[in-house]
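Trainee: Supplied in structure tokens, the structure appears directly below.
The values are calculated or read from the model by the stated rules, or taken from the named source; none is laboratory data. Here the structure is a predicted model, which is why all the values come from computation and not from measurement. Glycine also receives a Cβ, built like all others from the backbone with ideal geometry; neighbour counts cover every protein chain displayed.
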Amino acid sequence: MVKKYIKKDRVIPGFGLTMGITLLMLSFLVLLPLLSVLVFSMRLTPQEFIQLITKENVINSFQTSILCSLIAAVINCFFGIILAWVLVRYEFPGKRIMDGLIELPFALPTAVAGITLSKLYSDTGILGKPLAQLGLKISYTKVGLLIALVFIGLPFVVRAIQPVLEKLDPQYEEAAYILGAGRIRTFVKVVLPELKPALWTGFGLAFARGMGEYGSVIYISGNSAKEKTQVVSYVIMQKLNYVDYAGATAIALVMLIISFLILLLINMIQICQSRRTNYI
Amino acid sequence: MKSNRKSGSQGIKWVLISVSVLFMAIMLVLPLVSVIVNSLSLGIPFYLKSLHTEYTLSALMVTLLAAVIAVLVNTFFGIVAAWLITKFSFKGKQTLAALIDIPFSISPVIAGLAFLMTFGRLGWANSYINQINQLFGVDIKIVFALPGVVLATIFVTFPFVSREIIPVLHAQGTDEEEAAALMGASGFYIFRKITFPHIKWALLYGVILCTARALGEFGAVNALSKARGKTFTLPLEIDALYLAGSSDSITAAFAVSSILVIMAVTVIVARNILEYQAGKKQGRYES
């Protein structure tokens, strides 16, 4: 690390060229379009802006998105730890297939995930039918929305924890056990603190993804304003379809700020994490 | 004592494995199987018929076009950006890396909106495009046309290749490239002979992941594409079929989905093969 910063003259060629190309492509393909949203929303007066984002269905959609994404991220952290633990620490037949399948929500198009989950949990679906007989309705409720968000968020958490768990030496756990700590105590006091930064990163990524999710959510959630199952992305799309660009950009701006804050937080955690691993 | 602990941890092991298997079976495997079962529920002739419609074929072509362009652009960008970020030290590197990752963390719907606000009726670039159109007597449209679909696809898959290569290049360091440069090798020669062999598998995986995401993009394209049979991609076609609501069209939606499911499974298998290849190579270096 230190060596890198002392070395001022660059030996490897291509700095100017790669910098130019990177900045040019990044600006034109990503930053300029996003700035357009910013510029357009700046044209609104503060009153207009406040009025647009405090409409009842907009506030409801933010509540729904934040609440469901948070709960889904917590569920994912719980099962994510179990899955990562099982995949790293145990040997059993079919482990490789299981490890590969974790990636499925990344690879499966969101619209496909959306319609198949919606069908699966509907009153006529394989899982929805028995649950409906028990009086549990899943499709077109917040529970359905939650299931879709758990589905798409899972790989973020598992893939964040796995590498840290791989590096963690089981000797520490053995030492704790020999010193008389129980299994739960060993896990909470020895393993969990090591996993914490990775867990937060995974939590943040899953939450951010859940906040912005559109394709996998819109079919199963039912998008009812009355039942408060509209997510923010759906409301933006609805406004776009009604050519209400002012409304859409105002909501988008709030969303951009939220995802920017999450990104900042994740980056800070990662910097702390790399400091810890580098200097200890 | 010792055997007691052994059998106890064995018990926990199998409980945890069972929980994991059950969770994954319900959450991941069942939806996958459900697509295939639903798509074949009206028989194979119906399945083939619903794949062979004018709309589906058009959507397939649009999807492939957008995916190919997005993958080419992002692969080029990914390599260049990864080289910049891992081979040089400069101020603001962290910020640059974070900016590249932006599309990863924002809603695809907002990506669609961003292009509408740039090139749409109210967008600042709209008047420039009109001028170009008048000047050259052409009729270029960006939003609600193919260029918009392509741009949105590039946007959402922008960081995919660079994300895969950067960690590999970081781990490799810069010593080999520096030595080669000091001995007088040109930049491109260094890349081809030294850097490329290191990133081969990561690059390939990035490209595969980028392709998968490009083929499956929905939210961003949905905001920018409104003409079924012209600018619709496969996910949009699935959406249209599913929302049509009749049991025939829903089955057709699953039939079209099955193409994308096959693609998703291929991606996962390819990833595992690539990981195995990369691991094998690493092992050889260590021994």
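Trainee: Out of B:ALA220, B:ALA255, I need the residue that is touching a Gly at 6+ places or on another chain (Cβ under 8 Å) and more than 8 Å from chain A (Cβ to nearest Cβ). Which one? Steps first, please.
Mentor: Working: B:ALA255 fails: touching a Gly at 6+ places or on another chain (Cβ under 8 Å).
Result: B:ALA220 is the single residue among B:ALA220, B:ALA255 that is touching a Gly at 6+ places or on another chain (Cβ under 8 Å) and more than 8 Å from chain A (Cβ to nearest Cβ).
Trainee: Something else now. Checking the structure you have, find out if any residue of the stretch B:226-237 is under 21 Å from B:VAL68 (Cβ atoms), assigned to a helix (DSSP H, G or I) and more than 9 Å from chain A (Cβ to nearest Cβ).
Mentor: Taking every residue of the stretch B:226-237 in turn, at least one turns out to be under 21 Å from B:VAL68 (Cβ atoms), assigned to a helix (DSSP H, G or I) and more than 9 Å from chain A (Cβ to nearest Cβ).
Trainee: Let me ask something additional. B:ILE165: assigned by TED's automatic domain parsing to the domain that holds B:THR211, surrounded by 13 or more Cβ atoms within 10 Å (Cβ to Cβ) and under 22 Å from A:SER41 (Cβ atoms), yes or no?
Mentor: Criteria not met by B:ILE165.
Trainee: (1) under 22 Å from A:GLN230 (Cα atoms); (2) modelled with pLDDT of 90 or more; (3) hydrophobic (A, V, I, L, M, F, W, C): which one isn't true of A:ILE138, the others all being true?
Mentor: All conditions are met except number (2).
Trainee: Another one. If you scan the stretch A:71-119, which residues turn out to be over 22 Å from B:VAL265 (Cβ atoms) and of a type in the set (Asp, Glu)?
Mentor: A:GLU91
Trainee: Yes or no: the stretch B:76-88 includes at least one residue that is modelled with pLDDT of 90 or more, part of a helix (DSSP H, G or I) and surrounded by fewer than 16 Cβ atoms within 10 Å (Cβ to Cβ).
Mentor: The answer is yes; a qualifying residue exists.
Trainee: Kindly indicate whether any position in the stretch A:258-269 is surrounded by fewer than 16 Cβ atoms within 10 Å (Cβ to Cβ) and closer than 25 Å to A:GLN51 by Cβ.
Mentor: yes
Trainee: Would you be able to say whether some residue in the stretch B:187-195 is within 30 Å of A:SER122 (Cα to Cα) and either of a type in the set (D, E, K, R) or outside the structural domain of B:PRO103 (by TED's automatic domain parsing) (or both)? Outline the logic, then answer.
Mentor: Applying the first criterion (within 30 Å of A:SER122 (Cα to Cα)) to the stretch B:187-195 yields none.
So far as the stretch B:187-195 goes, no, none of its residues is within 30 Å of A:SER122 (Cα to Cα) and either of a type in the set (D, E, K, R) or outside the structural domain of B:PRO103 (by TED's automatic domain parsing) (or both).
Trainee: Still on this structure, please answer the following. Assuming B:ARG213 fulfils every condition listed in (1) facing chain A (nearest Cβ under 9 Å); (2) charged (D, E, K, R); (3) assigned to a loop (DSSP other than H, G, I, E, B) apart from one, which condition is it?
Mentor: (3)
Trainee: Something else now. Give, as residue ranges, the helices (runs of 4 or more DSSP H) completely inside the stretch A:168-280 that count at least 2 residues that are among the hydroxyl-bearing types (Ser, Thr, Tyr).
Mentor: A:170-178, A:215-221, A:232-241, A:245-279
Trainee: Which one is farthest from the other protein chains (Cβ to nearest Cβ) among residues in the stretch A:94-113 that are part of a loop (DSSP other than H, G, I, E, B) and modelled with pLDDT under 90?
Mentor: The residue in question is A:GLY94.
Trainee: Turning to a different aspect of this structure: Taking the condition surrounded by fewer than 16 Cβ atoms within 10 Å (Cβ to Cβ), within 10 Å of chain B (Cβ to nearest Cβ), under 27 Å from B:THR195 (Cα atoms) and out of contact with any Ser or Thr (no Cβ under 7 Å at 6 or more places or on another chain), does A:LEU23 pass?
Mentor: yes
Trainee: Check whether at least one residue in the stretch A:43-63 is away from chain B (no Cβ under 14 Å) and touching a Phe, Trp or Tyr at 6+ places or on another chain (Cβ under 7 Å), and report yes or no.
Mentor: Scanning the stretch A:43-63, I find no residue that is away from chain B (no Cβ under 14 Å) and touching a Phe, Trp or Tyr at 6+ places or on another chain (Cβ under 7 Å), so the answer is no.
Trainee: What number of residues in the stretch A:135-146 are buried (at least 17 other Cβ atoms within 10 Å of the Cβ) and either under 13 Å from A:LYS119 (Cβ atoms) or without any contact (Cβ under 8 Å) to a residue 12 or more places away in the chain (or both)?
Mentor: 5
Trainee: I've got another one for you. Every residue in the stretch A:111-134 that is surrounded by fewer than 24 Cβ atoms within 10 Å (Cβ to Cβ) and of a type in the set (Val, Ile, Thr), please.
Mentor: A:THR124, A:ILE126
Trainee: Pick out, from the stretch B:91-167, the helices (runs of 4 or more DSSP H) lying fully within it that include 2 or more residues that are under 16 Å from A:MET25 (Cβ atoms) and touching a residue at least 60 places away in the same chain (Cβ under 8 Å).
Mentor: In the stretch B:91-167, B:93-100, B:108-119, B:146-156 are the helices (runs of 4 or more DSSP H) which contain 2 or more residues that are under 16 Å from A:MET25 (Cβ atoms) and touching a residue at least 60 places away in the same chain (Cβ under 8 Å).
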